[in-house]
Amino acid sequence: MYDILVISSMKNLMCYCSRIVVTCEHNAKGENLIMTPLSVKICSPAQEFPILEKQNWLIHLHYIRKDYEACKAVIKEQLQETQGLCEYAIYVQALIFRLEGNIQESLELFQTCAVLSPQCADNLKQVARSLFLLGKHKAAIEVYNEAAKLNQKDWEICHNLGVCYIYLKQFDKAHDQLHNALHLNRHDLTYIMLGKIHLLQGDLDKAIEIYKKAVEFSPENTELLTTLGLLYLQLGIYQKAFEHLGNALTYDPTNYKAILAAGSMMQTHGDFDVALTKYRVVACAVPESPPLWNNIGMCFFGKKKYVAAISCLKRANYLAPFDWKILYNLGLVHLTMQQYASAFHFVSAAINLQPKMGELFMLLAAAVPSFFVAVALTNLEDPENARRAYAEAARLDRCNPLVNLNYAVLLYNQGERKGALAQFQEMEKKVRLLKDSPSLEFDAEMVEMAQKLGAALQVGEALVWTKPVKDTKSKHRSASASKAASLQQPLGSNQALGQAMSSAAAYRKLPSGAGGTAQPIKPPSLPLEPEPATGAQPTEAPAQIRETQE
Amino acid sequence: MAAASSSDSDSGRAESSEASSKWLDAHYDPMANIHTFSSCLALADLHGDGEYKLVVGDLGPSGQHPRLKVLKGPTVLTESPLPALPAAAATFLMEQHEPRTPALALASGPCVYVYKNLKPYFKFTLPQLPPNPLEQDLWNQVKEDRIDPLTLKEMLEGIREKAEVPLSVQSLRFLQLELSEMEAFVSQHKSKSIKRQTVITTMTTLKKNLADEDAVSCLVLGTENKELLVLDPEAFTILAKMSLPSVPVFLEVSGQFDVEFRLAAACRNGNIYILRRDSKRPKYCIELSAQPVGLVRVHKVLVVGSNQDTLHGFTHKGKKLWTVQMPAAILTMNLLEQHSRSLQAVMAGLANGEVHIYHDKALLNVIRTPDVVTSLCFGRYGREDNTLIMTTRGGGLIIKILKRTAVFVEARGEAGPPPAQAMKLNVPRKTRLYVDQTLRERDAGTAMHRTFQTDLYLLRLRAARAYVQALESSLNPVSVTAREPLKLHAVVQGLGPTFKLTLHLQNTSTARPILGLLVCFLYNEVLYALPRAFFKVPLLVPGLNYPLETFVESLSDKGISDIIKVLVLREGQSAPLLSAHINMPVSEGLEAA
C-alpha cells in the first residue's frame, strides 16, 4: 500500500511514507495488520478515528521502568490501531532500538517522528543523538543546529553540540557551546566535558577552575571529586589532592580511581600498611588492574618484602606486558635483590618500550633506566656495554651529576683517564648549576667519592665546588624529593596519573631499600682498578643507586 | 517482649531478617491476578463503615481486560469491567454533607469516571481541543466542494509543516491516503466536524480550602496536550488550567486550591516543573537529565527516582539536596506515612525484588519480596492503620502490616570501611624453586649474563644469515623489489589423494599493474602429479587478491609426503621473484582406502 503512496509529490511525505513501512515491519512483524486495505475501513460508515495518544502514558510508564517487552507490545498495538500515526509510539520504539544497539533503525524511526511533527525539537535532538552515536558528528551538529532554532533555551542541545565539537577537535566552539549549556542550566556532565576540553588542550589550571566550580555545584559527585584530586596531584598540590580524594572516598568508599591515587600518596609518605589496606578494596573490585598490582608491589618493596614485591610486580607485568613503568620497577627490585642479570633484562625492556618523546619527564625517565642498565652491567662485569649505557644516560640526562660521576669512575677503572676527566668536568658543570638552587643537597657519599676521584685525577679545583655543597648539606632532605616529584608530574591523562604516581612513588622509595641492601654489593666488581679507587670502591654502588631518586 | 527485642536488634542496621522484621506478613497471593501501577491504587473507606477498602484500577494480564477491583481484606469485593485502561485512581471527598463517604475517581482515556458507593455517579470528559482554524476552514471548503482533494492535501501539508496547533486525526489520516482513495474518504468524512481529543495521563487530588484530613478535594488532571486541569469537586467544571512544556507523568500537590498550593509535575522530557497557585506557567524547573520514574513529596522535600537508579532530593525551589545510588533500577515509588510516629518516608520498589524505604538519604528498611514489586501503597487498610500493599510483576498481591511497636531507626554514624577491606590480598606465592634460582642468579649472575649475551649474539647472527639467504634465493613470500611488489601465500585443501592447492597472489604496489608473470611448480614426479606445472599469471591489478587454483594428485600409497616448491618468475629472468615451499600433507584418503 505504502509503496505506491511514495509517488506523492511532497518530498517529505515520501520519506515519511517509506519510513512508516519500516515501522510496520518492525512492529507488526509481517502480520500485515497495518497493510490491510484502507478502503475496507473507509467503507464502514460509522468509523470513529481513534485518539492517537490514547496509550502514550502506558508506553511511557513501561519505558521508564525498563520493561521493554511490555512496552513493545503496547507500541505495536497502538501503531496498528493508529496505522502508524502515533508519533510517541514510534519515538519510544526508536529509543528502545537505540538501547538495544540498533542505532541505524532508531535513526530512521526518529526521522519518521521528525516528519510527523516537524516543529518538535525533541525529535530532531534524538535524530542528532543517533547520528552522534553513529559517529557522524558533522551531521549531528547540523541537526542540533536545526533543533536549536526550534528551541533556543535547551542546555541539552548546547551540551551535545559541545561534545560533538570536542570529537571534531574544534575546541573553541565546543568551549562556547558548553558555556552556553552551563549558562542555561548547570549539569555535572557539562562541567566534566568542559574540564576535558581544557585537559585535552593541556591547560591544567583552567581545568582545575572548572572542576572546582563543578564540585561547588554538586559536592557529592565522586567522579568530579576524584578528577579534581588527581589534577591537584598532577600539579603537586598534595594537600588539596588528598582532601578531594578523601572526600570522594567518604561518599563512595569503593571508588577505584580515588583509592589508587590516595594509596600512591600514602606510599609516597611511607604509609605502606595503610596503603595496602586501601588497596585491598580495589583488589576486590578490580582484581586485574595493572597499576594496582604495581602499587601493591612497590608497597611490599617499601616494606622490604622483596619476594612479595616481585610476585606482585610480575602479576602486574603479566596483566600489562608493555607498561614500561612496571618493567622499570621490576628492574629496580631485582637490582636490590642483586639479581643483576634479571634487572638488566627488565630495565632494558623498559627502555625499549618507553616512548621516546622529547619532553622533560621522558628524558629524565629515559636517563634513569639507562643509568640502571649501566649499573647492572657494571656489576655484571660487562664494561663495554656499561660504558655505552653510561654514555646514553649522560647524553639524556641534564641535571644529574651522579651519572657523570659514575661514568667517570668506570672510565677511570678502565684506565681511561682522559674520558674520566671529561666526565668529571661535566659533573662539575652540573654541580655548579645545581648549586644555585638552594633546595638541593648532595649526598655525602657522592661528595666523598667525587673528592677521591678528583684527587685521583689530580684535578685541583675539586675543593672549590665541594665547599658550597657542604653548606647546603644542612638543608632538609625532603626538598629534593619534591623537586623530583615536580619533575615527574607532567605526565599524560588522568587515567595514567594513578600509574604515574605509583612509579613516582617507586622512584622515591628507592633509597630505603637500596641504601640498606646495596651495601653488601661491594665485592671487587672492577678488577682493573688502580690503587686510588680502591678506597672509594665500596661506596660506589650505593651511591649509584641512591642517586636516582634525586 | 518480641516487640522490645525487635526494636533493639534493629537499631543501627536497616536490614530486616525473619526474626526482627518490622513487618507482619498478612497476606501473599502470587495468583491474585492484579496488574497495575502505583497510581492506580487507592485506599479509602468507600462505604463509610470504618473499614478501608483497596481500589485497584487493574490493567489486566496483558493490558487487555481492564477492570475496577475493590478489595476488602484479602478478597475481591466487587469487580467491574472498564471501557479503557485506567491511567490513575484516586479517592476524594466531593462535598461536605454526611455521610462522609469518599467518591472514587478513575481516569481512563479522555474521561474521569466518578463512582459513589461503588456505583457510577458521573462521567467527566475532557473538553475537545480547539481545531486549527485553517484546517477547519479547509474542510469547510471541501464540504462546499470548493476545493478538490489534491489541493486539500497540499494545503494540509503546508499546515502540518508550520502550524503550532497539530492537525486532527482525520486530516492526518487523509494525508496518508493514495490518490484513488481520497475521493471516497472526502465524501465520507466531509460532513463531520473535525475533532481533536486528548487523554488524561495522570491524576491526583488537591484539597479545596481546608487542610484537614477529611476536607473536600479537587481533582487535578494532567493531559496529553501538556496541560494541567483542576476540577471542581461538585460541579466538575474546570477551575484552573495550567500549561506545561511537556506531557506530565507524575504529579505531586501540596496546599489548598483556594489558598495557596504547589504543584510539581514530572514530565516526559525528564524535567520536573513546579507551579504555584497564580502561575499559569512553571515557576521552577528541575532538569534531571534522566527520566523520572517516581515523584514523592516528603514534608518539603521532593524525592525523585530517576531511571539511572538514583534517588534525588530537591527543595520545592528546585535545588538539589542529595542523591542516593540504588542497587537496582527503581520501578515504582510511593509515600509511607506513619501518623502515629509522624514519620514520612519514601518507598521504592526495585528491579532486584526489594523494596527500600528511605528517610531522606538514610535507608530505614529493606523488604525482600518473592517477586518484583511493580506497585506500592501504604495506609489504612481494613481496620489496620499501617498496612503496606504491594503488587508484583507476575500479578501477585502482598499485604504486610507494620508492627505497632516497630520504630524505624536510621543507620547512624559512618558506614565504616567497605567489607572488601578486610579481605586478604591474594599475593601470588613463590616456590622453593624460585628462591633457589634467585640464589643461583646472585652467585652466578655474571656468567648467566655472559651466556645470555653470547647466545643472543648467536641468535641474531643466525637470524641475519637466514634472512640474507632467504633474500638471495627469493625464498620469502613477499617480494619487495621496486618493480614487482608481490605477496604470495598458499593453501592446501583436501584429504587426498587429490588436493586442491590455491595460491593467493597479490600485487601490493599502489598503482601499477603487473604483467608477464609465470608460476612454476617443482615437485617430485614420483610422488605427485599436477595438471600444469607451469603457467602464466594473468594481469595483476594492484590490491586485489588472485587465487590461482590447481589440483595435486598424490601418487604414492605409502603415506609419504613431500615438499612442492612454487616459484613465481618474470618472463625473461631466470631468478625467481618469489618462492614458496609447500609442505604437502600426508594423503589420508589412501590410508583409509
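Any read-out appearing in this document is the output of simple, stated calculations on the displayed coordinates, not a laboratory observation. Since the structure is predicted, the reported quantities are computational estimates derived from the model, not experimental observations. All Cβ positions, even for glycine, are placed from backbone atoms using ideal geometry, and neighbour counts span all protein chains on display.
A cut-off of 5 Å between modelled amide H atoms, ignoring neighbours fewer than 5 places along the same chain, links residue B:582 with B:564, B:565, B:566. Seen against the Cα atoms of chain B and their longest principal axis, helix B:133-143 is set at about 90 degrees. Computed from backbone phi with θ = phi - 60° and the Karplus coefficients 6.51, -1.76 and 1.60, the 3J(HN,Hα) list for the range B:341-346 is 10, 6, 10, 10, 9, 10 Hz; x is used for glycine and proline. For a straight C-alpha distance cut-off of 16 angstrom, the lysines reachable from residue B:119 (same-chain residues fewer than eight places away being disregarded) are B:53, B:69. Extension gain for the segment residue B:574 to residue B:553, taken as residue separation times 0.36 nm less the Cα-Cα distance, is 4.8 nm to one decimal. Per-residue Cβ neighbour counts within 10 Å put B:56, B:541, B:216 in the sequence B:541, B:216, B:56, beginning with the fewest. Label-to-label distance for residue B:235 and residue B:533 is 11.2 nm, based on points extended 7 Å past Cα in the beta-carbon direction.
Applying the Karplus relation 6.51 cos²θ - 1.76 cosθ + 1.60 with θ = phi - 60° to the range B:21-38 yields 3J(HN,Hα) values of 5, 8, 10, 9, 7, 7, 7, 9, 10, x, 10, 5, 6, 10, 10, 7, 10, 4 Hz, where x marks Gly and Pro. Cross-link reach is defined here as a Cα-Cα straight distance under 17 Å, omitting same-chain residues fewer than 8 places apart; for residue A:76 the lysines meeting it are A:29, A:54, A:66.
Can you tell me the FRET efficiency between residue A:179 and residue A:100 if r is taken as the Cβ-Cβ distance and R0 is 30 Å, rounded to the nearest 0.05?
That gives a FRET efficiency of 0.30.
Checking the Cα-Cα distances for B:226/B:280; B:241/B:319; A:149/A:169; A:153/B:283; A:305/B:430 against a 21 Å cut-off, the pairs over it are B:241/B:319; A:149/A:169.
Exposure proxy shown here: for A:428, B:588, the number of other Cβ atoms within 10 Å sets the order, fewest to most, as B:588, A:428.
Between residue A:119 and residue A:216, what FRET efficiency follows from the Cβ-Cβ distance if R0 is 56 Å, with the result rounded to 0.05? Mind showing how you got there, number by number?
Numbers: r = 38 Å, r/R0 = 0.68.
Efficiency, rounded to the nearest 0.05: 0.90.
Any idea how far the Cα center of the range A:169-238 sits from the one of the range B:66-121, in Å? The range A:169-238 and the range B:66-121 have Cα centres separated by 53 Å. Under a 5 Å amide H cut-off, with hydrogens placed 1.01 Å from N, residue B:277 pairs with B:261 among residues at least 5 apart or on other chains.
Just check the range A:192-314 against the gyration tensor rule for me: Cα atoms, a ≥ b ≥ c as the square roots of the eigenvalues, rounded for a/c under 1.5, and otherwise prolate or oblate depending on whether a/b exceeds b/c. Note, shape of the range A:192-314 comes out prolate. Taking amide hydrogens as placed 1.01 Å from N in the peptide plane, the amide H of residue B:77 sits under 5 Å from those of B:70, B:71, B:72, each at least 5 positions away in sequence or on another chain.
For the peptide A:278-284, the mean number of other protein chain Cβ atoms found within 10 angstrom of a residue's Cβ is 5. Across the range B:478-583, how large is the tail of the calculated P(r) beyond 22 Å, expressed as a percent of all Cα pairs? In whole percent, the long-distance tail amounts to 31.
Residue order for A:326, A:96, fewest other beta carbons within 10 angstrom first, comes to A:96, A:326. The C-alpha atoms of chain B define a longest principal axis, and helix B:432-472 lies at about 60 degrees to it.
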